[in-house]
Amino acid sequence: MVRVPAHERLELENGATLILLPRREVPLVACQVLLRGGAAGDPPRLPGVASLVAALLEKGAGRRDAYAFAEAVEGAGGSFTAAAAPEAITVRSQFMARDQDLMLELLADALRTPRLAAEEFDHVRDRQIEFIKAVKDSEPAELLDAYGRALLFGRHPYGRAVHGSESSLAAITPADAREYYRTHFGAERLLLVLAGDLDLRGAEAAVRTAFSTWPRTPASPPPLASPPAAPARRILLVDAPGATQSHFWIGAPGVDKRYPRRAALDLVNTLFGGRFTSLLNAELRIKSGLSYGARSGFARGSAGGDFSIRSFVETPNTGQAIRLALQALERLRDEGVSSEMLQSARAYTLGQYALGLETAADWAAALAEVEFFGLGARYIDEYPTELAAVDRDAARAVIAEAFPHPRNTVLVVIGDADRIGEQLGGFGPMVRMRLTDAQFSLETAGDEAFP
């Protein structure tokens with residue numbers, strides 16, 4: 001039985017939240033930080049600012065320049081990474097227990113006194129732009145979410161590319177990074193989880209010393225509005241001339257992190273597109289041989305999220321594969337799943353769930369998520385019981401609520417437009433852009449872009 005271990009939750013006078021979870025199996029301490037805001041705090045026309053600021057946290061802070069900061073981490077055999085997510089900036093770190101004071105010193109420096117040096121900013125920004133270009137050349141499927149969410153959510157924060165686009169990154173200045181830091185970094189946004197070989201009172205004292213005098217931000221982040229309702233079917237064809245494969249993404253608005261039928265949602269998605277033996281993979285790989293793999297999933301945030309199907313096929317088979325994927329989704333909605341299928345998915349999901357909560361770092365991440373979204377310990381403790389209670393009626397309810405009708409989906413395809421354009425014509429109104437375009441959406445992002 002997986003249950004949340006004994007832990008302590010403290011709130012500092014300045015609003016910072018601290019969670020301490022002792023686990024002494026190995027002499028390691030893991031740290032997980034969530035700083036509210038993330039990419040949702042980016043200026044609407046400049047997605048990528050939060051991502052650049054997160055990257056800069058590792059590039060010099062306090063008395064250490066970028067080299068000295070990296071040397072301090074590596075010299076202790078530790079790890080320290082920072083990244084932006086849609087609603088938070090995350091920092092993950094792990095050090096030997098004997099070096100936890102150094103870990104907290106580095107963390108406090110990175111959050112409270114990052115250098116945000118102009119020369120490091122230029123390097124990080126240029127590298128991020130070149131990375132996007134390289135992905136377009138070698139792994140364009142990695143960009144499907146960016147194109148898909150921009151098409152699905154438009155100007156809502158969930159529609160912004162977390163890591164920015166070539167054009168938005170090129171427009172961001174060091175002043176933008178400093179303004180983001182000034183506006184979004186402060187004590188009341190800090191959630192810090194320490195798990196591992198801890199002395200509780202010593203760890204609490206060290207955190208209080210590091211963060212109790214950190215001021216609050218000028219203003220709390222506004223709550224995210226709900227994203228727009230499902231649009232009518234629309235298609236974005238991203239032209240990659242000469243491509244021998246097409247990568248496609250079928251998406252629709254999903255459900256939020258507090259969705260009450262989470263266990264049924266996970267079981268049904270496991271059956272539909274969450275494992276190798278899924279219904280979706282059976283159609284596109286096992287029966288038809290059109291693809292090496294297809295999968296589906298839900299991305300869930302505080303205000304909603306998305307459901308998506310993704311796969312890739314040889315160029316001549318693009319239309320057929322998309323049609324099979326949509327037909328599989330329609331059959332799921334029409335026929336549901338059997339009790340035997342649910343039992344199989346239950347065994348699979350329980351096994352995966354336990355494997356994901358083994359280490360101190362696993363627990364630090366899990367408790368940070370639970371606290372950030374206000375889910376409570378029952379989100380973890382009662383999950384196996386909730387899985388056991390899912391029957392066909394619960395599955396039917398979640399299919400009706402969370403899995404979209406095929407006509408209410410949008411479609412992104414990256415491939416050779418000259419060869420696949422006609423194959424896509426029957427799926428709905430279509431617009432085109434080029435893979436080499438420097439953004440992930442048309443400048444006319446609204447309905448007016450579609451015929």
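For the chain, rounded, prolate or oblate, judged on the Cα gyration tensor with a ≥ b ≥ c (square roots of eigenvalues), a/c < 1.5 rounded, else prolate if a/b > b/c? Walk me through the numbers before you get to the answer.
Working: a/c = 2.06, a/b = 1.34, b/c = 1.54.
Judged from the Cα gyration tensor, the chain comes out oblate (a/c at least 1.5, b/c at or above a/b).
The charge dipole of the chain, taken about the Cα centre with unit charges on the Cβ atoms of Lys, Arg (+1) and Asp, Glu (-1), comes to about 740 debye, rounded to the nearest 20.
In order along the range 21-29, phi translates into HN-Hα couplings of 10, x, 9, 9, 5, 9, x, 10, 10 Hz, rounded to whole numbers, per the Karplus curve 6.51 cos²θ - 1.76 cosθ + 1.60 with θ = phi - 60° and x for Gly and Pro. Taking only the alpha-carbon positions of the range 19-107 and ignoring solvent, what does the Debye formula give for the base-10 log of I(q)/I(0) at q = 0.10, 0.22, 0.25 Å⁻¹? With no solvent term, the Cα-only Debye profile gives -0.29, -1.05, -1.19. The range 71-104 and the range 5-51 have Cα centres lying 12 Å from one another. Between Gly297 and Ser308, the built amide H atoms are under 5 Å apart, and every one of these is 5 or more places off in sequence or on another chain. Measuring spread by the Cα atoms of the range 342-446 yields a radius of gyration and Dmax of 21.1, 53 Å. Counting charges near Pro227 (Lys, Arg +1; Asp, Glu -1) among other residues having Cβ under 14 Å from its Cβ returns a value of +2.
Find out how many positive minus negative residues lie around Phe427, taking Lys and Arg as positive, Asp and Glu as negative, among other residues whose Cβ is under 12 Å from that of Phe427. Net of charged neighbours comes to +3.
Dividing the convex hull volume of the alpha-carbon atoms in the range 291-360 by its residue count gives 162 Å³ per residue. Once the convex hull of all Cα atoms in the range 64-109 is built, its volume per residue stands at 74 Å³. For the chain, the relative contact order comes to 23 percent (Cα pairs under 8 Å, sequence separation of at least 6). The spacing between the range 381-440 and the range 267-295, judged by their C-alpha centroids, is 14 Å.
Add +1 for every Lys or Arg and -1 for every Asp or Glu among the other residues with Cβ under 11 Å from the Cβ of Leu284, and state the total. Don't skip to the answer; put the middle values down first.
Values: positive: Arg285, Lys287, Arg295, Arg310, Arg323; negative: Glu283.
In short, +4.
Temperature 25 °C, viscosity 0.890 mPa s: under these conditions the Stokes-Einstein estimate for the range 8-211, based on its Kirkwood radius over C-alpha pairs, is 138 µm² per second. Dipole size of the range 8-211 about its Cα centre, with +1 on Lys/Arg Cβ and -1 on Asp/Glu Cβ: approximately 480 debye, rounded to the nearest 20.
Each value in this text was obtained by applying a stated rule to the coordinates, not by laboratory testing. All values derive from a computational prediction rather than experimental measurement. Reconstructed Cβ throughout: ideal geometry from the backbone, glycine too, with neighbour counts over all protein chains shown.
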